[in-house]
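What follows is one structure encoded as structure tokens, with my remarks underneath.
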Amino acid sequence: MKPTIPASAVIGRSRRRVDGRSKVTGQTRFADDLSLPRMLHCKLLRASVPHARIVGIDTARSAAHPGVHLVLTGSTFPIPYGVLPVSHDEHALCQDTVRFVGDPVAAVIARDEATAAEAVDLITVEYEPLRTYADPADSLRFPEPRIHEYGDSGNVHKAVSLQFGDVDGAIAGADHVFDDVFFFEGNTHLPIEQHATVAAKDPDGKLVVWSSTQTPHYLHRSLAKTLQMPAAHIRVIATPNGGGFGGKSDPFNHEIVVAKAALLLDRPVKICLTREEVFYCHRGRHPVLMRFRTGVTKDGRITGVDLQTLLDGGAYGSYGVASTFYTGALQTVTYDIPTYRFRGCRVFTNKPPCGPKRGHGTPQGRFGQEVQLDKIAEKLAIDPADLRLNIVAPPDSLTANYMRIGTIGLADCVRAVVASSAWKDKHRKLPYGRGVGLACSSYLSGAGLPINWNDLPHSGVQLKLDRSGGVTAFCGATEIGQGSDDVLVATVAEVLGIEPFDIRAVTGDTDLTPVDLGSYSSRVTLMMGNAAIQAATRARDLIAAAVSRKLEIPVERLAFAGRRVFDRESPDRGVTFQEAVCIAEAQCGTIGTTGSYTPAKPAARYKGGGVGPSPTYSYTAAVVEVEVDPETGWIVVPKVWIAHDIGRSLNPILVRGQVEGSVYMGLGEALMEEQAFRRLPARLSNALVHKFPSLLEYKSPTFLEMPEVHTDLIESMDPSGPFGAKEVGQGPLLPMMPALANAVYDAVGVRIDEVPVTPEKILKALKLKADGKPARVGPAAFPDNVPWPEALMVTPPWEGGDGRASNEPERKSKRKAEAGIEATAGVRS
Amino acid sequence: MTVQPGGKLRLALSVNGEPVETLADGYKTLLEVLREDLQLTGTKHGCELGECGACAVLLDGEPVLSCLVLAAECHSRRVTTVEGLTDDGALHPLQDVFADLGASQCGYCTPGILITARALLDREPNPSRDQIKDALAGNLCRCTGYLQIVEAVEAAAARLRGNS
């Protein structure tokens, strides 16, 4: 049954976003656009070797350089920090060890950038090299020396093992077993804005930090911890981000350095990273090797999935523990998987730290699962779309791993792209060199648990209304380009019956706005939106009661629309919205209301079950068409058809932008983007360095590569979303990579079981095919030396389980246990 | 253009139709002079190596990457930045449709794209879709997936033709 879409004045209308004018006139003030009187500039000295002890640092010449005000080293920053409570493993400047080329070692604060750069070159650092860990094979093979002194063992940061039901029995009893290994190369966010931060003492002597951060709340916490200052004396202002995609979700060393420098010098200090440095900040997509062992019945139903993933984490923890769980958390939310085992392992290597990029941890496993489903469909001679339609997870259900599914529009999405792309006329029917591929996905609409475990709301909104008739909406959410300010004012405008332009949004300022956890995990629309609706409804109720008393109209007959408050039964009887606010202010005094949102408690109660729960999940299906030149391997994508279960589209023009932006970024990952590394020649240093830390050589799609995109929005009206809305910022990226790989197979009959899918790999596979060998390029095997822990055994809901693991050691105290475990939840890009 | 004691250059140029005189360090690019010395921060930077297009401005009406142009080269020349696109306080049709049609998300690449599109429409009032893509191929945008930008340029071109 199709849900009813209610009539709305603002919601569902394609509108210019509230910050649209500011952006097209160049007036949006990004962090590097800020300039303060007496401002100084900071440059960082970064490690030139990948793994070494710092034997000595000589800053004397640098400090004596004309125009230099301050030179800092690690000794000023002894306190570690990190975004997850379980991995506070970073220092603003390295202590005694550098862990990757690009790790910050020292900082110079000088009168201008050029002087700071000159003075950075005058610092000398003596290093004692340590073994370099270039990839997970190194890290698994050599436990010593350890990159960090913490972690599960050796250079293994985290290894987890979860089992839901008798997966071995289910796979053994299956009609067919598919056993495939896939690899997903790392890639990076590449926001066009380079990270920048300005810090200053305000006139009262408190600290103010303006920064291009997606998560001002986490930066606030990290500054309080590392600077040993009361959080109440620190103000973090998130400037609008010039793109984030997850790359500005961690608290960063440069932010802490300039904050400390501003306090020490009592002068404003700015840093703006170079493009090369942005590649070193990274926190992007983890390279993941994975093995999917899947049992299926002859009619294509899954009996069980046994998944192993191996993540190359880079040099620090970042969100990595959560990323690890995310590689296995959402497979069951997409398809009906009655038994499931997930083992994930993240190792440290001497490369820039990986973290949350758009889709956070889920695209890699999604790639493997969707390509394997294509192989299953091929083998069983079932159409890949029909195969998926037959196994879509049921609505209003609990999965084997205790994720609670609400509405699920996935089947509608599949049917939509099958129809729009004319799939049945194309799949296996196009001439050699042309093909189509299909894939599906699901994603969180916000993480169900916070990173720092507590009972506090995930999002808060305050409204101020006064006799001007103006409304100001305050929320800690951060505008990163996705349109969160627009969602905030649109929801308030809808409830109060006024126009978005009547409302001023004040966001991302820890002094002025109530906490919102940040723009990650696709959480803002759902969480901030629900908080905003609550605050606006309270304001409306208060105004309605006052107007009802004044005009003697029963409160339930009052309507708010068209900037008026009036009697529904006699619309001429009423007052303007401004008059209504005056009436309320006269009767009740100054008007302010608040709203907040806290997700319902998840059903999963086993260790690790904190990663994956969400108030609701979005769903996507996509068909990609490709043209592959068998002579050159060159791939052209002429068109993509995509359908997304959005719940409800709040502003369709912005929703379309998120879908098309996801298609674009997904195709970049599928075809060309690689955060890759190489060894410098031995005559230089043999150091492990980023292969191409520049926008030119790190290939990303331009206007010329972007295909035509046909988008269908499926509105399933989710009851947990604001006006029925789910997320759209990340989900539509996920099916692109596997759909492309599946299309390449349809076009030329070769399997590229790794991302990116490049012309070189296609030619290699075609050559193998011509030689009569398996026409596949991809990883050969999954390593057998991963130190898996004993699996936590969790009985699925339909076998009488309660969400707990039967073999989990008794937790010391509920509070402490949850702090450690569920701290891993809630991450995104 | 004269060199001042201490090596600074005295530059006189026209910026957005107004005469401007400034003292600038000789090593500074046009981008740095615009942003740091003239406080015209609407022009952005993504690489300062000529790779992303975010810093595009018009120099004597032609689009250039201001990160690759020395300020010293701009003496006596006309520079147009995003701040100079509006006409008597009214948005240029490109700005108007970019805001209406979702062509700007985070807004960081937007000034460079607007400037480059303006140069295209100045010389080709009725560009084909391929001409628009070719003209903008040097401008990277990570948010939009480009399609709403192409549509906005088409819509602005149509509006400009209707007005002329």
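Read the figures in this text as sums done on the coordinates, not as results from a lab. Owing to the predicted nature of the structure, the values given are computational and were not obtained by experimental measurement. Every residue, glycine as well, gets a Cβ built from its backbone with ideal geometry; the counts of neighbours run over all protein chains shown.
Please give every one of the aspartates and glutamates within straight-line cross-link reach of A:LYS764, meaning a C-alpha to C-alpha distance under 15 Å, and leave out same-chain neighbours fewer than 8 residues apart.
Correct list for A:LYS764: A:ASP629, A:GLU631, A:ASP753, A:GLU754.
Over all alpha-carbon pairs in the stretch B:1-78, figure out the percentage whose distance exceeds 17 Å.
Values: 1171 of 3003 pairs.
In whole percent, the long-distance tail amounts to 39.
Quick check on the stretch A:144-211: what does the Kirkwood estimate of hydrodynamic radius come out to from the alpha carbon pairs, in Å?
Mean inverse Cα-Cα distance, inverted, gives 19.1 Å.
Under 10 °C and 1.306 mPa s, how fast does the stretch A:562-674 diffuse according to Stokes-Einstein, given a Kirkwood radius computed over C-alpha pairs? Answer in µm²/s, whole number. Don't skip to the end; give the middle numbers.
Values: Rh = 20.5 Å.
Roughly 77 µm²/s, to the nearest whole number.
Take the alpha-carbon centre of the stretch A:630-655, take the same for the stretch A:328-368, and report the distance between them in whole Å.
With the stretch A:630-655 and the stretch A:328-368 each reduced to a Cα centre, they are spaced 23 Å.
Pop out the ³J(HN,Hα) list for the stretch A:444-454 in order, Karplus 6.51 cos²θ - 1.76 cosθ + 1.60 with θ = phi - 60°, rounded to Hz; leave Gly and Pro as x.
5, 9, x, 6, x, 10, x, 5, 9, 5, 6
Give the Rg (one decimal place) followed by the Dmax (whole number) of the stretch A:615-659, computed from C-alpha coordinates and expressed in Å.
15.3, 49
Taking amide hydrogens as modeled 1.01 Å from N in the peptide plane, which residues meet the under 5 Å criterion relative to A:ARG564, leaving out close sequence neighbours?
So A:ARG564 has HN proximity to A:PHE577.
If you rank A:SER211, A:SER445 by fewest surrounding Cβ atoms within 10 Å, what's the result?
Listing A:SER211, A:SER445 from fewest to most nearby Cβ atoms yields A:SER211, A:SER445.
Kindly write out, for the stretch A:287-300 in residue order, the coupling ³J(HN,Hα) from the Karplus curve 6.51 cos²θ - 1.76 cosθ + 1.60 (θ = phi - 60°), rounded to whole Hz, with x marking Gly and Pro.
Values per residue, Gly and Pro as x: x, 9, 9, 9, 10, 10, 10, 10, x, 9, 7, 5, 8, x Hz.
Under a Cβ-Cβ cut-off of 10 Å, what is the net charge of the residues other than A:ALA315 that fall near it, where Lys and Arg count +1 and Asp and Glu count -1?
Taking every Cβ under 10 Å from that of A:ALA315, the sum is -1.
In nm, give the distance between the simple-model label positions of B:SER128 and A:TRP634, each being 7 Å from the Cα along the Cα-to-Cβ direction.
About 1.8 nm separates the two model spin labels.
What percentage of all Cα-Cα pairs in the stretch A:1-115 are separated by more than 25 Å? Please list the in-between numbers first.
Values: 3445 of 6555 pairs.
Here the long-distance tail beyond 25 Å is 53 percent of all Cα pairs in the stretch A:1-115.
Can you put A:SER806, A:SER14, A:SER700 in order, fewest other beta carbons within 10 Å first?
Values: A:SER806 11, A:SER14 14, A:SER700 22.
So the ranking, lowest neighbour count to highest, is A:SER806, A:SER14, A:SER700.
Checking the cross-link filter: which aspartates and glutamates have an alpha carbon closer than 15 Å to that of A:LYS260, excluding same-chain neighbours under 8 positions apart?
Partners found: A:ASP202.
Once you list every other residue whose beta carbon is under 15 Å from the beta carbon of A:ILE123, what net charge do they have if Lys and Arg are +1 and Asp and Glu are -1?
Numbers: positive: A:LYS43, A:ARG46, A:ARG61; negative: A:ASP58, A:ASP103, A:GLU118, A:ASP121, A:GLU126.
That sum, taken over residues with Cβ under 15 Å, equals -2.
Restricted to Cα positions, what overall size does chain B have along the principal axes? Three whole-Å values, descending.
For chain B, the Cα spread along each principal axis is 51, 32, 23 Å.
Taking θ = phi - 60°, what integer Hz values does the Karplus form 6.51 cos²θ - 1.76 cosθ + 1.60 yield along the stretch A:210-226, in sequence order, with x for Gly and Pro?
Listing the rounded values in order: 9, 8, 7, 10, 7, 9, x, 5, 6, 5, 4, 4, 5, 5, 4, 6, 6 Hz.
Report, in listed order, any pair from A:LYS2/A:LYS357; A:LYS43/A:LYS699; A:LYS206/A:LYS726 with a Cα-Cα distance greater than 31 Å.
A:LYS2/A:LYS357; A:LYS206/A:LYS726
Kindly put A:ARG301, A:ARG573 in sequence by how many other C-beta atoms sit within 10 Å of each C-beta, fewest to most. Please report the intermediate quantities before stating the final value.
Working: A:ARG301 17, A:ARG573 14.
Placing the least packed residue first, the sequence is A:ARG573, A:ARG301.
Just round it to a whole percent: the fraction of Cα-Cα distances in the stretch B:101-164 exceeding 20 Å. Please list the in-between numbers first.
Working: 371 of 2016 pairs.
That tail contains 18 percent of the Cα-Cα pairs.
Cβ under 11 Å from A:PRO599's Cβ, A:PRO599 left aside: what net charge do those residues give with Lys, Arg +1 and Asp, Glu -1?
Around A:PRO599, the charge tally is +3.
Return a whole-number percent for the relative contact order of chain B, with Cα pairs under 8 Å and 6 or more residues apart as the contact set.
Details: 292 pairs, mean separation 35.3, N = 164.
Contact order relative to length: 22 percent.
Grab every C-alpha pair in the stretch A:614-743, bin the distances at 10 angstrom width from 0 up to the longest one, and report whole percents.
12, 34, 26, 17, 8, 2, 0
Computed from the mean reciprocal separation of all distinct C-alpha pairs, what Kirkwood hydrodynamic radius does chain A have, in Å?
Values: mean 1/r = 0.0362 Å⁻¹.
This gives a value of 27.6 Å.
How big is D, in µm² s⁻¹, for the stretch A:553-628 by Stokes-Einstein at 20 °C and 1.002 mPa s if Rh is the Kirkwood radius over C-alpha pairs?
It diffuses with D of about 118 µm²/s by this estimate.
Contact order normalised by length for chain A, with contacts defined as Cα pairs under 8 Å and 6 or more residues apart; what percent is it?
Across chain A, relative contact order equals 17 percent.
At what distance in angstrom do the alpha carbon centres of the stretch A:677-713 and the stretch A:521-565 lie from each other?
49
When the helices in the protein assembly as shown are scored as -39500 (n - 2.57) per DSSP H run of 4 or longer and the sum is shared across all residues, what 222 nm value do you end up with, to the nearest 500 deg cm²/dmol?
-8000 deg cm²/dmol
Run down the lysines and flag those whose C-alpha is under 16 Å from the C-alpha of A:LYS607, throwing out any fewer than 8 positions away in its chain.
Output for A:LYS607: A:LYS158, A:LYS812, A:LYS814, A:LYS816.
For the stretch A:521-626, calculate the relative contact order in percent as a whole number, restricting contacts to Cα pairs under 8 Å that are 6 or more residues apart.
Relative contact order, the stretch A:521-626: 29 percent.
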